[in-house]
Amino acid sequence: MIAEVSQSSQHGIWLSLRERELFLSYDNFPWFKDASVAAIQNVELLNEHHLYWPDLGIDLSVESIEHPERFPLVAR
């Protein structure tokens, strides 16, 4: 797979994207915290820079995962 959730913890989820691992902390990505495992694992790579979780209606740029400090949350 090109994009796959490899594991989750009480702090966030790990995403395997091509040949690298990215961490999405619940502090920076709170929408995943109470989501079901099945919904979190259903992730699609729309293009090389964009991910989509259809069950959750969440789409994120890879850059926002790599550099969440550049994309502050406006609403929680």
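The values are calculated or read from the model by the stated rules, or taken from the named source; none is laboratory data. Treat the numbers as computed from the prediction; the structure is a model and nothing was measured. Don't worry about glycine lacking a Cβ; one is built from the backbone with ideal geometry, like all the others, and counts go over all protein chains shown. Note: areas computed on protein heavy atoms with side chains; ligands, DNA, RNA excluded. Shrake-Rupley method; radii C 1.70, N 1.55, O 1.52, S 1.80 Å.
What the table shows:
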{"quantity": "Neighbourhood charge, 10 Å Cβ-Cβ cut-off, centred on His50 and excluding it, Lys, Arg +1 and Asp, Glu -1", "calculated": "-4"}
{"quantity": "Dipole in debye (nearest 20) - the chain, about Cα centre, beta carbon charges: Lys, Arg +1; Asp, Glu -1", "calculated": "160"}
{"quantity": "Helical contribution to [θ] at 222 nm, DSSP H n ≥ 4, -39,500 (n - 2.57), averaged over the chain, rounded to 500", "calculated": "-2500 deg cm²/dmol"}
{"quantity": "Accessible area of the chain belonging to carbon and sulfur atoms, whole % at 1.4 Å probe", "calculated": "48"}
{"quantity": "The range 1-73, accessible area per residue, ligands and nucleic acids excluded (1.4 Å, Å²)", "calculated": "63"}
{"quantity": "Formal net charge of residues neighbouring Ala39 (Cβ-Cβ distance under 15 Å; K, R +1; D, E -1)", "calculated": "-4"}
{"quantity": "Rg [Å, one decimal], Dmax [Å, integer] - the range 2-76, C-alpha atoms", "calculated": "11.3, 32"}
